[in-house]
1. Can you give me the orientation-averaged projected area of the convex hull built on the Cα atoms of the range A:10-116, in nm²?
2. Given points 7 Å out from each Cα along the Cα-Cβ axis, report the residue A:54 to residue A:114 separation in nanometres with one decimal.
3. Between residue A:103 and residue A:19, how many nm apart are label points set 7 Å from Cα along the C-beta direction?
4. Within a 10 angstrom radius of the beta carbon, how do B:65, B:41 rank from fewest other beta carbons to most?
5. Within a 10 angstrom radius of each residue's Cβ in B:109-120, how many Cβ atoms of other chains show up on average? Whole number is fine.
6. Along each of its three principal axes, how wide is the spread of alpha-carbon positions in the range A:23-77, in whole angstrom units, largest first?
7. Looking only at Cα atoms, what is the convex hull volume of the protein assembly as shown per residue, in Å³?
8. Percent relative contact order of chain B, based on C-alpha pairs within less than 8 angstrom and at least six residues apart?
């Protein structure tokens, strides 16, 4: 089925460890984004990309890196995990162009990350 | 200033009744889009409905309708005939900069959500 695939679904890290959250979409969407969800704060944008080779920071980028070498993939790297990065992470993708915006963002199923 | 404000952290509604979830937004753009997403306890984000700033009619999708009042900058979600399966967190979101000159916009900004509980 077409959609956004995130891996892993669950992860426990020790403080200081690094890891990469994977995100892949097969809908040829130009826009891809990473969000984190914390209780009472909704979803906050970490990083986003408007196409292969183009990325930019969102609202809460500190401690995270991204790259986009292909249209399909948009991995999120945690450089040195901290307890404050304990959260649920969502990858999302979307068509570009104002005429297609109405189809919304498609979200992955999320990654629940715990940093101890 | 908050771009998306949802003032109801929690709502209760009886089965088969209608319920309105409030959302106000703040933008200086003329071309923008408003979305509602549902997040059940299983955690996935489900797209419900979209309203464009230039759409003349209020959006409807089955039991969902969006009460769009542009001058008041509000985009309330109305769920008719509530069902037990409607119990979930609901998020309002906005995508700005949808005009041709701004490249179609790319950032979706969310409110803090409203937890809806449907009771028998």
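Nothing in this text is a laboratory measurement; each read-out follows from the coordinates by a stated rule. Predicted model only: the values in this text are computed from it and were never measured. Please note: Cβ atoms are built from the backbone with ideal geometry, for glycine as well, and neighbour counts cover all protein chains shown.
1. 6.6 nm²
2. 4.0 nm
3. 3.2 nm
4. B:41, B:65
5. Values: counts 6, 7, 2, 5, 6, 0, 0, 0, 0, 0, 0, 0.
Per residue, the number of nearby Cβ atoms from other chains is 2 on average.
6. Projected onto the principal axes, the Cα atoms of the range A:23-77 cover 33, 21, 16 Å.
7. Values: hull volume 29.9 nm³, N = 236.
Expressed per residue, the convex hull around the Cα atoms of the protein assembly as shown is 127 Å³.
8. 36 percent
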